[in-house]
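Written below as C-alpha cells is the structure these notes are about.
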Amino acid sequence: MSTVADWRARTDPEDLREYDRFGPWIDVVEEPVDMPRRFRPWWPELSQARYLLKVPRSYDRAQVRPGMDLYESVIAVFADRLCILRAEPAEVVRQDVGNANVVASIRHTSLLVGRWTLLLDDASRVEVGFNAGSQPVIAEVDQWIFAQAPRSARPAVGGPSPRDHFFRSTILNLNSHLKAQVRPVHVEEPGQPCRNERGGRRRSAGMMALATSDDLFLFNQGVTTQPLLRRQNFTSNIVRVPFRTITSYEVRGPQETTPPGFSQLVLTCGEQVILQPCLARPAAVESLLAQRAVPSAG
C-alpha cells in the first residue's frame, strides 16, 4: 500500500470528508456530517434553515490538513431571521438578526475579496467576509431575504443605459438573479472631469442608481474620484435599499465650481444613514422617491 493510501486510511473519515470538500468557496451544509465540529451543537436548531452555509477560513489549499479548524462561520437563513455563528479562539459567538430589522445590504467585491454587509435599522451592521468566487451564493441569499417582504405591483421606471462596459456587465449580472428586472435611473459615466473634496482636479469614478418596482440599487466602485491618468479599478459595491425601508431622503449639494464637485444623496432608513456621492444632481432618483411617498428631508 502506498504512503498516501496509508495516510488517508489512518485519518478519521469525517475529517477526511471535510478536508476533501474544502476550498475557498462557501459550502452548503445538508447533513450533520457537513457541519464543522465546532458548530455541530447547533445542528438540531439550524438544520431547518432555508439556507445553511459554512464560510471557510482564508487558507491556501496546500496549508490545510485533516482535522484542522477550517471554517470561520456558519450562516443560517430563515424566513424571519438570520443566525450567524463565528468561531473565535476561545468560543463560538452567536448573533441573531431579525429580517424585519434589515433595511439594506451591501455586496462588495474587489478581485478575490468579497464582503456581505447587512445594514440594520438601529444603525448597526453585520458583516461576513468571503472569497469573491462565492458571490453568486451570497447574491441568491440576499435576494431571498428581501423577497420575503410584501412586493409591489408598481412597474419599474427606466432611464439612460450606461456606455461603460463594467457598468453594463453589472446590470446584466444583477438581472441574472433578480426576479424583477433592474433598470438604470441615474447614470454617471466614469472619467468625467471633477474636483475632489480638497478641490484637486480629478476624474470621476462614476456611479449608477438603478431600480426595480420594490428596490433602489446604488452601484459604485468604492471611490468617488480617480487620478487624471485613469487606472483600472476592479472594486464594486452594490447597495440594495428597499423603498419600504427608506424613511427620508435629501440631496446635499456642494459649492459650485468648474469642474464640479460632488453632492451627496442621503437615504435615511430608521437610524441607518446611507450616503452616495453624485457628480450630477440625481433628480430622477428624487422623483422616483417622491412618487413612492418617501418624505424629503431637504
(request) Please state which one of Asn237, Asn233, Asn220 is closer than 19 Å to Ser169 by Cβ, in contact (Cβ under 8 Å) with a residue 12 or more places away in the chain, surrounded by fewer than 16 Cβ atoms within 10 Å (Cβ to Cβ) and out of contact with any helix residue (DSSP H, G or I) (no Cβ under 7 Å at 6 or more places or on another chain). (result) Asn233
(message) So, Phe262, is that one within 29 Å of Leu120 (Cα to Cα), surrounded by fewer than 20 Cβ atoms within 10 Å (Cβ to Cβ), in contact (Cβ under 8 Å) with a residue 12 or more places away in the chain and not assigned by TED's automatic domain parsing to the domain that holds Gly114 or not?
(response) no
(request) Sort out for me the strands (runs of 3 or more DSSP E) sitting completely within region 134-219 that have 2 or more residues that are of a type in the set (A, V, I, L, M) and touching a Leu at 6+ places or on another chain (Cβ under 7 Å). (result) 207-211
(request) Of the numbered conditions (1) surrounded by 13 or more Cβ atoms within 10 Å (Cβ to Cβ); (2) out of contact with any Gly (no Cβ under 6 Å at 6 or more places or on another chain); (3) not basic (Lys, Arg), Ser296 fails exactly one; give the number of that condition. (result) (1)
(message) I need a count of the residues in region 239-283 that are assigned to a loop (DSSP other than H, G, I, E, B), at pLDDT 95 or above and of a type in the set (Phe, Trp, Tyr).
(response) 0
(request) Go over the candidates Ala49, Ala100, Ala90, Ala79 one by one and state the one that is more than 23 Å from Ala139 (Cβ to Cβ), surrounded by fewer than 19 Cβ atoms within 10 Å (Cβ to Cβ) and either over 27 Å from the mean Cα position of the chain (by Cα) or hydrophobic (A, V, I, L, M, F, W, C) (or both). (result) Ala90
(message) Here is a list: Arg168, Arg163, Arg151. Which entry is surrounded by 15 or more Cβ atoms within 10 Å (Cβ to Cβ) and charged (D, E, K, R)?
(response) Arg151
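Within region 59-76, can you find the residues that are under 19 Å from the mean Cα position of the chain (by Cα) and touching a residue at least 24 places away in the same chain (Cβ under 8 Å)? Talk me through it step by step, then tell me what you get.
Initial filter on region 59-76 (under 19 Å from the mean Cα position of the chain (by Cα)): 72-76.
Correct list: Ser73, Val74, Ile75, Ala76.
What's the total number of residues in region 153-173 that are under 15 Å from Arg240 (Cβ atoms) and touching a Ser or Thr at 6+ places or on another chain (Cβ under 9 Å)?
Start the filter on region 153-173 by keeping residues that are under 15 Å from Arg240 (Cβ atoms), which leaves 156, 170-171, 173.
Still in the running and touching a Ser or Thr at 6+ places or on another chain (Cβ under 9 Å): 156, 170-171.
So the answer is 3.
The values are calculated or read from the model by the stated rules, or taken from the named source; none is laboratory data. Small disclaimer: the values here were computed from a predicted structure and weren't measured. FYI the Cβ positions are ideal-geometry reconstructions off the backbone, even for glycines, and counts take in every protein chain you see.
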